[in-house]
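Participant: Sharing a structure below in structure tokens format, with a few things to ask.
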Amino acid sequence: MRAICLASAVLLGAGALTSCVPAADAAIRTDFGFSVMPSTVAAGGEVTLRVTRNKACQGEAAVNSPVFDMVTIPPEESWATAVVDWDAKPGAVYDVEFECDESSGTAHLTIAGGRPTHHPTHHPTRHPHKGVHAGEGGTFAGFDLKEVGLGAALIAGSLGVAYHFSRRRTDEDAG
């Protein structure tokens, strides 16, 4: 009977931990870094396409997706923008393919249900390089305080429930 309680506590803890893992819309990693920001956008919205320059990505980067025209990022720049097609299907998830030198990788772009309130008249595809975007990374990159707090609360709750059930069983066995 003790093994069942222990197994239940372990499964409850594992469930709480896996619910804290970020969604699968994160980029699939490769030899160089890349991202689509925001990862969820309305049809007609603008996304920023970033590449991290390193030994695997020193030349021109090409970014392609079914929901926007192909974008190239010159070697001296690390980002560009693209406008999502107005006919992109709300709720759909599209692949965004990054290719640079000999490496490639895929990120995901989700189309939100709404539409932007205005139609942009100017669509720049490249911006001058403005330095390295530093300061993110490590364990908490991309998390906000709500997500960290929710994860901590779930873990604390699951540990409390496991402790409660293990103590309750022990008290019944003793009495």
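Participant: Only one of S103, S65, S78 is modelled with pLDDT of 90 or more, closer than 18 Å to F32 by Cα and polar (S, T, N, Q). Can you tell me which?
Facilitator: Values: S103 fails: modelled with pLDDT of 90 or more; S65 fails: closer than 18 Å to F32 by Cα.
Result: S78 is the single residue among S103, S65, S78 that is modelled with pLDDT of 90 or more, closer than 18 Å to F32 by Cα and polar (S, T, N, Q).
Participant: Taking only pairs six or more apart or across chains, which ones have beta-carbon atoms under 8 Å, a first residue in the stretch 62-78 that is closer than 18 Å to S104 by Cβ, and a second residue that is open to solvent by less than 10 Å² (accessible area, probe 1.4 Å) and part of a loop (DSSP other than H, G, I, E, B)?
Facilitator: Here the result reads F68/V84, each pair linking the stretch 62-78 to a residue that is open to solvent by less than 10 Å² (accessible area, probe 1.4 Å) and part of a loop (DSSP other than H, G, I, E, B).
Participant: Could I ask something else about it? Give the residue, chosen from R169, R126, that is surrounded by 13 or more Cβ atoms within 10 Å (Cβ to Cβ), closer than 21 Å to V36 by Cα and at pLDDT below 85. Write out each step before concluding.
Facilitator: Values: R169 fails: closer than 21 Å to V36 by Cα.
Going through R169, R126 in turn, just one is surrounded by 13 or more Cβ atoms within 10 Å (Cβ to Cβ), closer than 21 Å to V36 by Cα and at pLDDT below 85: R126.
Participant: Additional query: Exactly one condition in (1) at pLDDT 90 or above; (2) open to solvent by less than 70 Å² (accessible area, probe 1.4 Å); (3) under 22 Å from R53 (Cβ atoms) is false for H108; which is it?
Facilitator: (3)
Participant: Go through the stretch 54-90 and give me each residue that's open to solvent by 70 Å² or more (accessible area, probe 1.4 Å) and over 26 Å from A112 (Cα atoms).
Facilitator: Correct list: K55, Q58, E60, E76.
Participant: Which residues, taken from the stretch 46-63, are over 12 Å from A80 (Cβ atoms) and more than 18 Å from the chain's Cα centre (by Cα)?
Facilitator: First, pick out the residues of the stretch 46-63 that are over 12 Å from A80 (Cβ atoms): 52-59.
Matches in the stretch 46-63: R53, N54, K55, A56, C57, Q58, G59.
Participant: Quick check on my filter: what residues within the stretch 86-112 are within 19 Å of E46 (Cβ to Cβ) and part of a strand (DSSP E or B)?
Facilitator: The answer is V93, Y94, D95, V96, E97, F98, A107, H108, L109, T110, I111.
The values are calculated or read from the model by the stated rules, or taken from the named source; none is laboratory data. For clarity, every value in this text was computed on a predicted model and none was experimentally measured. Note that we place each Cβ from the backbone using ideal geometry, even for glycine, and neighbour counts take in every protein chain shown. The area values use the complete protein model at the heavy-atom level, side chains included, leaving out ligands, DNA and RNA. Shrake-Rupley method; radii C 1.70, N 1.55, O 1.52, S 1.80 Å.
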